[in-house]
Every structure is written in C-alpha cells, then in structure tokens.
Amino acid sequence: DTEVTQTPKHLVMGMTNKKSLKCEQHMGHRAMYWYKQKAKKPPELMFVYSYEKLSINESVPSRFSPECPNSSLLNLHLHALQPEDSALYLCASSLDRGQLYSNQPQHFGDGTRLSIL
Amino acid sequence: AQSVAQPEDQVNVAEGNPLTVKCTYSVSGNPYLFWYVQYPNRGLQFLLKYITGDNLVKGSYGFEAEFNKSQTSFHLKKPSALVSDSALYFCAVRDMDQGGKLIFGQGTELSVKP
C-alpha cells in the first residue's frame, strides 16, 4: 500500500470536459509534485509545491492547473485537454525540497491513468 | 546539470541468478542518487538511496547498490533474482541546482524467467 493516495485511478474524458485529479498524503511532507508518465518512459516533472506555494512550473500548458488547498492535498484541474495528454499522472511527496533534505526520497502514489477521447 | 544514464533498456535474468541493473551518473558536487522500481499499473516505489561514505547501500526487497566514485556508477544488484522482481527500474539523481528536481534515467526493464 502506498502512503500517497490518488483518485480516481482511471479517468476517461472528452476534449471539452473539465475534470480534476486529487492527491492526498498524511506523512507531514511539505513538498508535493505532479508528474506525467508515458508508457515505459521516466516520469516528467510538471509542478512542484513547497509549503503550499507553487515553486516550479515546468512550462506546462495552461490547460493543466494545479492547486494545493492545504499541506495534505494536491489537485490537478484539467480543461480542454488534447489526445497527447493521455498518460499516467503521478503525484509524489517528500519531507522538504531544500538542501538539508537532499537525500530524502520522494514517495509516489499509484497514479491516475487518463485517457482523452 | 546533473544526469544519470541507464545503458540497458532491458535485462533478462534466470530466477535464482544474480542480477545487475546499471546506472552511471554525471554530477557536480555531492551525488544524491536513488533507485526506484515500478511494477505494472503501479507508481514508483523507492528502493534505496546513496548515503555519503557508504559504498554498498542496502535497500528494500533484498536489493543493494554499489556506489563507485571512480567509475561514476551506482549499479543496482540482487544476489538471487525472483520472478516477482520483474519490473521497470529507474535510477535518479537529485539536482539541487534545479530546485531539487529528480532527474531520471530512461529506465531498465528487468525480466526474470523461471
């Protein structure tokens, strides 16, 4: 069992729909991450939140909108997605992202498999 | 910029034999190295990390990794492979010059046959 919980596990949506992915952790971690992963490829970083503030946006298209309502929750709002956005979306968390915590691992959820029709 | 390379897309091993999954790194400063495993339809699971001073690092599920500074390698090893070890393995380095981002290798698919 993973300590990072992602819902839903699967999502099928049309290109005009609006949906949200949810991620939750209760490990007291203060850094949270969204990744996109294509089959058999490494995860690609999308966003990083640190202490509930967006600290890294890897030039992600605006049709993806992250939100961190509190230290345990991370959302990814989706709107007007394209077929190429079909992928596994992974959430991760770590204790912190500063230099003092550089050897702390990230803990991943099992992801949401997103299919865009 | 920091980087890691996994030179093998796929590794095939017979059950009971030792396995090695290779990773080489290029870093400036101290290396913050990790191994993750991804089973089908699952997220990435942390296996082990390099701790400064320990050239042999032990991790989960009987895995260990050997850090070699002169060869800039951090190979993942297991003395006796299990069929259940079949999965996708990623080596990663934390790049503190890029806000602590994890930089992943391309992944190695391990197949263990009975």
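The values are calculated or read from the model by the stated rules, or taken from the named source; none is laboratory data. Please read these numbers as outputs of a predicted model, since none were measured by experiment. Neighbour counts are summed over all protein chains in view; Cβ atoms, including those assigned to glycine, are modelled from backbone coordinates with ideal geometry.
Residues checked against (1) at positive phi; (2) touching a Lys or Arg at 6+ places or on another chain (Cβ under 7 Å); (3) assigned to a strand (DSSP E or B):
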| residue | (1), (2), (3) |
| --- | --- |
| A:20 | no, no, yes |
| A:42 | no, no, no |
| A:69 | no, no, yes |
| A:78 | no, yes, yes |
| A:92 | no, no, yes |
| A:110 | no, yes, no |
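Looking at (1) under 23 Å from residue A:84 (Cβ atoms); (2) out of contact with any strand residue (DSSP E or B) (no Cβ under 7 Å at 6 or more places or on another chain), which is the one condition that is false for residue A:35?
(2)
In the range B:23-36, is there at least one residue being within 14 Å of chain A (Cβ to nearest Cβ), touching a residue at least 12 places away in the same chain (Cβ under 8 Å) and at positive phi?
Taking every residue of the range B:23-36 in turn, at least one turns out to be within 14 Å of chain A (Cβ to nearest Cβ), touching a residue at least 12 places away in the same chain (Cβ under 8 Å) and at positive phi.
Suppose we keep only residues that are on the phi > 0 side of the Ramachandran plot and touching a residue at least 12 places away in the same chain (Cβ under 8 Å) within the range A:44-66. Which one would you say is nearest to the other protein chains (Cβ to nearest Cβ)?
Going through the qualifying residues, I end up with A:51.
Looking at the range A:94-102, can you tell me whether even one residue there is hydroxyl-bearing (Ser, Thr, Tyr), within 14 Å of the chain's Cα centre (by Cα) and under 18 Å from residue B:95 (Cβ atoms)?
The answer is yes, given that some residue of the range A:94-102 is hydroxyl-bearing (Ser, Thr, Tyr), within 14 Å of the chain's Cα centre (by Cα) and under 18 Å from residue B:95 (Cβ atoms).
So which pairs qualify, if the first residue must be in the range B:78-105 and farther than 15 Å from residue B:2 by Cβ, the second must be assigned to a strand (DSSP E or B) and among the basic types (Lys, Arg), the Cβ gap must be under 7 Å, and the two must be at least 6 apart or on different chains?
Note: pairs meeting the criteria are B:85/B:78.
Quickly run through the range B:70-99 and pick out the residues that are farther than 17 Å from residue A:101 by Cβ and either within 14 Å of another protein chain (Cβ to nearest Cβ) or of a type in the set (A, V, I, L, M, F, W, C) (or both).
B:74, B:76, B:81, B:82, B:83, B:86, B:87, B:88, B:89, B:90, B:91
Quick one: which of B:74, B:63, B:90, B:67 is buried (at least 16 other Cβ atoms within 10 Å of the Cβ), closer than 28 Å to residue B:29 by Cα and touching a Cys at 6+ places or on another chain (Cβ under 6 Å)?
The unique qualifying residue is B:74.
Is it true that some residue in the range A:76-83 is within 14 Å of another protein chain (Cβ to nearest Cβ), surrounded by 21 or more Cβ atoms within 10 Å (Cβ to Cβ), in contact with a Pro (Cβ under 6 Å, 6 or more places away or on another chain) and in contact (Cβ under 8 Å) with a residue 24 or more places away in the chain?
No; the residues of the range A:76-83 include none that is within 14 Å of another protein chain (Cβ to nearest Cβ), surrounded by 21 or more Cβ atoms within 10 Å (Cβ to Cβ), in contact with a Pro (Cβ under 6 Å, 6 or more places away or on another chain) and in contact (Cβ under 8 Å) with a residue 24 or more places away in the chain.
Select from the range B:100-114 the residues that are at the interface with chain A (Cβ under 10 Å from one of its Cβ atoms), modelled with pLDDT of 95 or more and assigned to a loop (DSSP other than H, G, I, E, B) and list them in ascending order.
The answer is B:105, B:106, B:107.
Taking the range B:49-62 only, how many residues are touching a residue at least 24 places away in the same chain (Cβ under 8 Å) and within 14 Å of another protein chain (Cβ to nearest Cβ)?
2
At least 1 residues that are aromatic (Phe, Trp, Tyr) and within 21 Å of residue A:95 (Cβ to Cβ) in each: list the strands (runs of 3 or more DSSP E) lying fully within the range B:1-99 that qualify.
In the range B:1-99, the matching strands (runs of 3 or more DSSP E) lie at B:33-38, B:44-49, B:87-95.
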